[in-house]
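Novice: The structure under discussion is supplied below as structure tokens; questions concerning it will follow.
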Amino acid sequence: MRKVFLWMAVLFLLLGSRVLGGGWICQSQGNCLQKVDFVDTLRGWAIGQNGTIIHTEDGGKNWSLQSSGAWSWFTGICFVDSLKGWVVGEGGTILHTRNGGERWEKQKSGTSHWLNGVTFKDTSNGWVVGDYELILHTTDGGSSWTTQMSGESYRHLNDIAFADSLNGWAVGYDDWGGDNWTYGIAYHTMDGGQSWEDASDAFYPIASFLSVVTFVDSLNGWALGGWVDGGMGTMVFHTSNGGENWEVQNEFGLLIDDLTFTDVQNGWMAGYIWDWYYSGIIFHTSNSGTTWNQQILVDEDYDTYLVGICFPDSNNGWAVGDNGRITHTDNGGKKWDTQNGGLNGLLRLHDVSFLDQENGWIVGHCTHGSNPPGIIHSCDGGQNWMVQLTGNG
């Protein structure tokens with residue numbers, strides 16, 4: 001089984017609902033979903049286990065199953081507009097729709113390896129990353145896919161991002177030594193993906209894995225990695241020259257699950273630290289990551305992981321985590337307020353995404369009974385939330 005780092009949201013969706021209190025509605029089903037993607041405030045898709053693809057046209061109030069024609073576990077999704085999208089996953093599966101998911105067609109990937117992520121610059125040019133150091137590329141919207149790179153069975157790619165139209169990065173890990181010894185790997189393209197060069201030396205031997213990579217412009221990017229000794233720690237890497245050089249900006253003796261930047265200067269990270277319980281923590285930088293200042297520590301007598309963070313602008317941000325915790329700021333993190341809608345202890349939250357100051361979604365799962373999971377939506381800046389779930393009922 002490939003090692004998928006727990007930076008990905010895991011959830012379930014379904015048909016049928018029940019009121020949990022505080023204005024929350026929980027609909028439950030049975031299939032595990034891992035990714036959600038919205039092209040605007042109304043239209044979105046979620047993907048997951050057993051070939052599940054679901055779609056909403058009303059901001060998540062209602063979800064309907066779309067027939068994928070596959071039985072694979074889907075792990076990556078990318079829509080470039082309301083009609084054209086791609087889904088990737090287990091067994092080398094790539095699916096494409098031209099009509100918003102009314103019909104999904106299988107595209108020939110030429111591989112049976114697990115595919116972990118997909119990104120498109122436009123409707124024609126896209127890339128897929130996966131296990132066995134696999135990078136696939138298309139210039140015709142997926143009608144044909146070519147292998148740009150493929151290698152060892154113990155090298156796997158988790159994430160891919162482009163700084164501009166030419167420069168891109170793919171990151172992951174090498175587990176040649178088994179679970180007791182892994183190290184981070186990275187590949188870089190300077191010609192729009194026509195060729196990729198091994199850039200792992202920039203992170204070796206100090207990172208045991210690389211899980212996230214992001215760029216705010218053609219020069220400035222950040223990556224998250226784990227300590228090489230296997231301890232509970234995270235390193236933040238930064239480049240200010242488009243990846244020509246990467247440096248370790250900071251090391252933390254805690255787990256950082258997510259980071260986001262609104263501009264070159266301002267960024268936020270969410271994670272958790274162990275002190276009898278896991279306590280959620282948020283850091284902010286105003287100097288491109290040179291220093292990080294703690295903004296909040298969620299100290300309760302139970303686990304309060306913070307695993308997802310999103311800032312649609314420099315003032316408004318949300319962080320989510322265990323026990324239904326939703327934490328919001330409207331002043332760049334100077335003050336954080338809890339928005340848990342009376343769901344405390346009933347929902348474990350994994351990831352959050354806001355399109356603007358009003359419209360946002362969170363993914364997670366309930367922590368009672370059979371752990372039914374959910375997609376949560378707010379259309380008023382987090383003052384009120386509704387849990388939206390679906391599955392294969």
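The values are calculated or read from the model by the stated rules, or taken from the named source; none is laboratory data. Nothing here was measured: the structure is a model prediction, and the numbers come from that model. So basically every Cβ, Gly included, is an ideal-geometry build from the backbone, and we count neighbours across all protein chains shown.
Novice: Those residues that are in contact (Cβ under 8 Å) with a residue 60 or more places away in the chain and under 19 Å from the mean Cα position of the chain (by Cα), I need them from segment 193-223; list them, please.
Specialist: PHE209, SER211, VAL212, GLY221, TRP222
Novice: More than 23 Å from TRP222 (Cβ to Cβ) and either modelled with pLDDT of 60 or more or of a type in the set (Ser, Thr, Tyr) (or both), is that true of ASP351?
Specialist: It is false that ASP351 is more than 23 Å from TRP222 (Cβ to Cβ) and either modelled with pLDDT of 60 or more or of a type in the set (Ser, Thr, Tyr) (or both).
Novice: List every residue pair whose Cβ atoms sit under 9 Å apart, with the two residues 6 or more apart in sequence or on different chains, where the first one lies in segment 59-86 and is at pLDDT 80 or above and the second, anywhere, is acidic (Asp, Glu) and assigned to a strand (DSSP E or B).
Specialist: Qualifying pairs under 9 Å: GLY69/GLU105; ILE77/ASP37; CYS78/ASP37; PHE79/ASP37; GLY85/ASP37.
Novice: Only one of ASN241, ASN250 is surrounded by fewer than 22 Cβ atoms within 10 Å (Cβ to Cβ), outside any strand (DSSP E or B) and of a type outside the set (Asp, Glu); which?
Specialist: Just a single option satisfies the conditions, and that option is ASN241.
Novice: Let me ask you something else. Can you tell me which residue is nearest to the chain's Cα centre (by Cα) among those in segment 306-315 that are more than 14 Å from TRP336 (Cβ to Cβ) and modelled with pLDDT of 75 or more?
Specialist: Applying the filter and picking the extreme gives ASP313.
Novice: In segment 188-227, what residues are part of a strand (DSSP E or B) and surrounded by fewer than 16 Cβ atoms within 10 Å (Cβ to Cβ)?
Specialist: Passing the criteria: GLU197, ASP198.
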